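Chemist: Below you'll find the structure I mean.
Derivation of every value follows stated rules applied to the coordinates shown; laboratory data play no part. Note that the structure is a prediction, hence the values are computed from the model and not measured. Positions of Cβ are backbone-derived with ideal geometry, glycine not excepted, and every protein chain shown enters the neighbour counts.
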Amino acid sequence: MKVALRLLGLLLIAALVLQLYFAGRIALMAVLPPESTSFERSEAWRIALSTGKLGWRQQWVPYERLPNSLKRAVIASEDASFTEHDGLDIEALEKAWDKNQKAEQRAAKAAEQASRGQRKSGASTPAAAANKPAAKIVGGSTITQQLAKNLFLSGERTLLRKGQELVLTLMLESMLSKQRILEIYLNSVEWGEGVFGAEAAAQHYYRKPAARLTPYEAARLAVMLPRPRYFETRPNSEYLASRANTITARMGGVDVP
């Protein structure tokens with residue numbers, strides 16, 4: 001019993017030390033930009049293993065030099081209530097939960113229909129299971145939550161990681177201004193294979209500085225964010241163009257911090 005209590009105590013101390021480490025890192029970000037994020041480092045390692053090349057494209061741009069059109073576009077596309085919430089958007093999470101539940105139900109129904117078709121044609125059950133349609137997962141994360149995950153965490157989906165993400169989100173919101181959170185996010189978010197931050201994205205896709213992006217170009221970049229590597233290989237996507245037009249129309253009503 002004593003050994004178990006000691007182990008529990010050590011685990012609690014280790015968890016506390018880890019949170020203090022995160023808090024110290026975030027406090028420094030109030031005055032110093034992060035040199036890199038956990039996600040950037042993991043992607044650089046992945047690219048290095050697959051191509052033999054190390055590094056990524058990124059250039060820090062101060063908040064005042066980032067175009068308001070891009071700030072508005074990203075907020076309109078990713079987190080409409082960014083300036084109002086304290087890091088969590090409960091309504092968005094509930095909507096995402098409902099969409100995911102319905103998507104899973106549709107996927108299960110489609111899988112059952114496919115299984116019946118396989119049985120009628122004489123195919124085996126494992127083959128039917130292999131062809132099971134995957135449910136499309138919709139996220140409800142705020143910009144602050146996305147930044148917390150990119151800065152410090154892995155991409156695994158576990159309750160422990162989500163719990164840590166929540167703690168980091170609250171730390172970011174309590175220790176940094178909305179301006180600083182958006183500034184770090186826009187300078188570190190992925191916009192393609194090895195492309196991080198608004199300046200690198202503007203140069204990569206439009207061969208110009210981020211400060212010279214048009215509202216429509218900013219909207220297109222914002223729409224890419226949930227799946228940047230996917231849209232990087234599909235520049236003529238009808239969805240991308242249509243969604244960019246929608247975001248452009250919404251940008252005028254978006255407040256920036």
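Chemist: Need one word for the stretch 141-210: rounded, prolate or oblate. Basis is the Cα gyration tensor (sqrt eigenvalues a ≥ b ≥ c); a/c below 1.5 gives rounded, then a/b vs b/c decides.
Modeler: Judged from the Cα gyration tensor, the stretch 141-210 comes out oblate (a/c at least 1.5, b/c at or above a/b).
Chemist: Could you tell me the center-to-center distance, by alpha carbons, between the stretch 139-164 and the stretch 211-253 in angstrom?
Modeler: 23 Å
Chemist: What FRET efficiency comes out for the pair L160/V31, r = Cβ-Cβ distance, R0 = 25 Å, nearest 0.05?
Modeler: In this case the efficiency is close to 0.25.
Chemist: Taking R0 as 41 Å, what's the FRET efficiency between L170 and R65 from their Cβ-Cβ distance, rounded to 0.05?
Modeler: 0.90
Chemist: Take the residue pairs K53/K162; K71/K149; K53/K178 and return only those whose Cα atoms are more than 24 Å apart.
Modeler: K53/K162; K53/K178
Chemist: Treat every Asp and Glu Cβ in the stretch 136-257 as -1 and every Lys and Arg Cβ as +1, leave all other atoms uncharged, and give the resulting dipole magnitude about the Cα centre to the nearest 20 debye.
Modeler: Value, rounded to 20: 220 debye.
Chemist: In terms of the Cα gyration tensor, with a ≥ b ≥ c the square roots of its eigenvalues, is the stretch 145-257 rounded because a/c is under 1.5, prolate because a/b exceeds b/c, or oblate?
Modeler: Cα axes put the stretch 145-257 in the prolate bin.
Chemist: Hey, can you grab everything whose amide H is under 5 Å from the amide H of W191? Only 5+ residues off in sequence or another chain; H modelled, so Pro and N-termini drop out.
Modeler: F196, G197
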